[in-house]
Amino acid sequence: MSIKSFFSKIFRFKRNNSLIGGRNSKKVLFKMPKKSFFKKRSTVKIKFDFKKPLRFFKRNYIPYYLITGLILIASIIFIVLGPIFRVENINIIRKDGITDINIAYKAVDDFRGVSIFNIEKTEILERMKDYQENIKDINLDLEFPKTINILVESYKERFNVNINGKNYILLENGSLIATAEPSKDLESLEIIKNIDKTRILEYKIVFDMEYIQKIEEIERMVKENIAGINITSLKYYEKERELHIIVNDFSRLIFSLDNSITSEEQIKSLAVLDRENSQISNNDKIYIDLRIKGKVFFCSIAGDKDKKIENQCRANLKYIYNQL
């Protein structure tokens with residue numbers, strides 16, 4: 001038997017009789033399972049949305065590019081046009097007649113040549129206050145490209161005062177303005193204080209603003225609460241922090257200006273005394289001391305025909321305050 005015929009018999013397949021898996025075959029070399037060992041592969045469909053990255057870019061990056069571009073453009077404009085927007089003209093207008101206009105111009109002269117974009121109200125205000133402490137506030141108006149307008153407001157005038165033989169107007173913040181003659185619209189306040197004659201007082205804060213406001217407040221409340229009272233003069237003892245109100249050139253009302261007692265408490269005690277004892281305008285008391293809370297001390301000269309009590313009371317005042 002030839003090799004070719006041998007292998008042809010082994011690998012011959014018939015429909016009803018075969019060597020492997022045939023009907024007459026008793027031995028099965030390998031039986032294939034009915035189910036497959038391999039699962040069917042699942043497929044994933046991938047769709048690419050071209051609009052999503054575009055939306056992300058618009059939302060997150062475009063605003064930054066716009067801002068950067070605007071800053072760049074503004075910088076270029078500033079560099080190119082910067083020399084044009086420099087202060088050359090300064091106009092100062094007084095809201096009142098208190099501020100010295102020449103000193104005001106001197107105070108802000110250094111702002112000439114500065115970029116108008118760098119001009120700030122607070123800086124100009126502080127510079128002007130360094131020269132004139134009577135200034136309360138300013139309004140600043142920038143007039144492009146080279147002009148700034150300044151409207152100056154001072155503190156309000158309160159009293160005529162005389163210090164070392166010179167007339168001044170005392171403002172509500174305690175600063176002084178020199179004047180040739182006392183103002184007819186203001187009351188006079190005598191200030192008991194030793195001030196160096198060589199000291200420059202004009203446009204400077206010399207007295208405490210808090211006490212100046214209390215003096216004005218007490219005077220107003222006395223007029224409102226004591227009927228028919230005639231105030232002839234006011235004396236401010238700075239060292240003692242006291243206000244003395246002289247009534248009818250005779251009686252002296254002594255008030256405290258510190259925080260140990262309020263103005264209202266002192267006025268209330270005075271009103272009770274005026275109502276229940278005798279009127280202040282009767283000139284029967286040398287002084288009325290209201291400085292102690294809940295108490296009133298006074299020197300009455302009722303029935304003092306030989307003026308012994310009056311003289312003693314005035315001597316006491318002179319001893320305490322070194323003057324009358």
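A short reminder: the numbers here are calculations on the coordinates, not readings from a lab. Everything numeric in this text was worked out from a predicted model, so none of it was measured. Glycine also receives a Cβ, built like all others from the backbone with ideal geometry; neighbour counts cover every protein chain displayed.
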* Structure fact -> Counting Lys and Arg as +1 and Asp and Glu as -1 over every other residue whose Cβ sits under 9 Å from the Cβ of Ala302, the net charge comes to -1
* **Relative contact order (%) - region 86-154, alpha-carbon pairs under 8 angstrom, separation at least six** => 47 percent
* Amide H contacts of Ile192 (H built 1.01 Å from N, under 5 Å, at least 5 apart or other chain) -> Tyr236, Tyr237, Glu238
* Prolate/oblate/rounded label for region 219-324 (Cα gyration tensor, a/c 1.5) -> oblate
* Structure fact -> Ordered by fewest other Cβ atoms within 10 Å, a rough proxy for footprinting exposure, Ser154, Ser278 read Ser278, Ser154
* To do: Set the Förster distance to 35 Å, then compute FRET efficiency between Asn91 and Lys204 from the Cβ-Cβ distance, nearest 0.05.
  => 0.85
* **Of Lys197/Lys318; Lys268/Lys293; Lys106/Lys146; Lys235/Lys305, those spanning more than 22 Å from alpha-carbon to alpha-carbon** => Lys197/Lys318; Lys235/Lys305
* Structure fact -> When Ile195, Ile254 are arranged by how many other beta-carbons sit within 10 Å of their Cβ, fewest first, they go Ile195, Ile254
* Extension gain, Asn118 back to Asp306 (0.36 nm per residue minus Cα-Cα distance, nm) -> 60.0 nm
* Grab the Cα-Cα distance for Asp249 and Ile71, subtract it from 0.36 nm times how many residues apart they are, and report the gain in nm with one decimal. => 56.7 nm
* Hey, what do the phi angles of region 92-97 turn into as Karplus ³J(HN,Hα) couplings, whole Hz, using 6.51/-1.76/1.60 and θ = phi - 60°, x for Gly and Pro? -> 10, 10, 8, 6, 9, x
